[in-house]
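The values are calculated or read from the model by the stated rules, or taken from the named source; none is laboratory data. This structure is a prediction, so every number in the text was calculated from the model and none was measured. These accessible areas exclude ligands, DNA and RNA; they are computed on the full protein's heavy atoms, side chains included. Shrake-Rupley method; radii C 1.70, N 1.55, O 1.52, S 1.80 Å.
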Amino acid sequence: MTVVRVASGGTDARVVRHVAQIMGMPISLALRGRRAGTSVGAAAWEEVQASLRWSDEVFSTWRPESTISRLGRGELAVADCPPEVAEVLAIGEVARRATGGAFAVCRVVDGREVLDPSGVVKGWAVDRASAVLRDLDDTDFTLAAGGDLVCSAVLDRPAWRIGIEDPRDPSRLVAVVPVRDGAVATSGAVHRGEHVRHAVTGRAPAGVASVSVVHSSLTIADVEATCGYLQGAGATAWLRERGRTGVVVMPDGAAEVVSRR
Amino acid sequence: MNRIVLWLMSTLTVLVLLFGYRTSLGGADQPASPVAPIVGAAAEPTTAGSGARTVTGPAAQTRYGPVQVELTLSGTGAATTIDDVAVIQYPSQDHRDAEINGYALPILIQETLDQQSADVDMVSGATYTSVGYRSSLQAALDQAQA
């Protein structure tokens, strides 16, 4: 059993935490610094939640009345949608091209093409929601949604310490990454079963347990982690070729750091 | 679906840039060739031929500076596909990306993380559902009010 202690920063680095359930997943916010534990911090947290709920209303494939569901049924054209819809689809298109079609925002279900940009939306939505936190003066934050997160810390306080979960045992860690200003996303089979599948073969990747990517943008970290995971045993080589930074955990638990240098 | 793909031509903005893909077939760094800029949505391709053609999107102002993309399309009507995406105008530099890549990023991997004891603020793991979350380290952290 892992004993995890909450990192203790400096004397003025008390961490205030908030949790909510949005988009069917736990959303965790840690704040420290001037606005942590204040009404200004609480108002920012409310705004974060409102932003995520908006993304859920637009992009949820579980809601028949969502914009994305209506678009998928052909009831709307992209021109009728908020511009964020085109933005998300564009990200998915770029990822599809980068993976030779393994990553796609369309899936074929029962012979029918279904629009499902969920693989893009989470990281993108959290990135978007975190903007309000960046406006808090002299305040550090880590905002996490279902295991993907974005961090910011001012220079005179320690970097956030991000644990990379052991894909074989969610109560353990395989690595710790200090992040001052950036994002960490992890893709793997744990927690949801094999929810990531190759868009062409329809199979879950084999030969890799999880892929974590560190990047300045959570949108990119999230998509790259998923794309890397889809490479299966080739995940490490793929990330290295693309100049990404991250951690690849193999099925036997061995962890490998991929870094530009 | 093809209408969606067509729409993308005018909306690929800084995101393409951030991905840093070198997708050009003919040279992403070349100045825009004399093609008519398309402003806003191009719901229908402007040529009737099925050969490859390029369209240039409007320069989008981003927080990194102006970004402009050019797409190479083939096919017509509902069969139109994007063959290439080239970024023809970049901001002078991408500060944040340079910054994070400038880190000598210390990712600490230990066989046992010191007998499985570690100071962490948050945990990154494969997608949590509400059920999976309950038994996760992240849930323990969320409950640990410093």
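Normalised per residue, the accessible area of chain A is 38 Å², obtained with a 1.4 Å probe and no contribution from ligands, DNA or RNA. In this structure the amide hydrogen of A:Ala204, modeled in the peptide plane, comes within under 5 Å of the amide hydrogens of A:His198, none closer than 5 places in sequence on its chain.
Rounded if a/c is under 1.5, else prolate if a/b is larger than b/c, else oblate: which is chain A, with a ≥ b ≥ c the root eigenvalues of its Cα gyration tensor? Write out the running numbers ahead of the final one.
Numbers: a/c = 1.98, a/b = 1.20, b/c = 1.65.
Since a/c reaches 1.5 but b/c is at least a/b, the shape of chain A is classed as oblate.
For A:Thr245, the residues 5 or more places off, or on other chains, whose built amide H falls under 5 Å of its own are A:Val214. Of the whole protein surface, A:Ser171 contributes about 20 Å² of accessible area at a 1.4 Å probe radius.
Applying 0.36 nm per residue to the separation of A:Arg240 and A:Ala131 and subtracting their alpha-carbon distance, the gain on full extension is 36.3 nm.
Just want to confirm a number: the relative contact order over chain A, from Cα pairs under 8 angstrom separated by 6+ residues, in percent. Don't skip to the answer; put the middle values down first.
Working: 503 pairs, mean separation 40.6, N = 261.
Here the relative contact order equals 16 percent.
Which of A:Arg134, A:Arg242, A:Arg70 moves most in a GNM of chain A, Cα contacts under 10 Å? Looking only at A:Arg134, A:Arg242, A:Arg70, the biggest GNM fluctuation is shown by A:Arg242.
The solvent-accessible area of B:Met122, taken with every protein chain present and a 1.4 Å probe, is close to 0 Å².
Accessible area of chain A with a 1.4 Å probe: how many percent of it is carbon plus sulfur?
Details: 4790 of 9990 Å².
C and S fraction of accessible area: 48 percent.
Computed from protein heavy atoms with a 1.4 Å probe, the total accessible area buried between B and A is close to 6600 Å².
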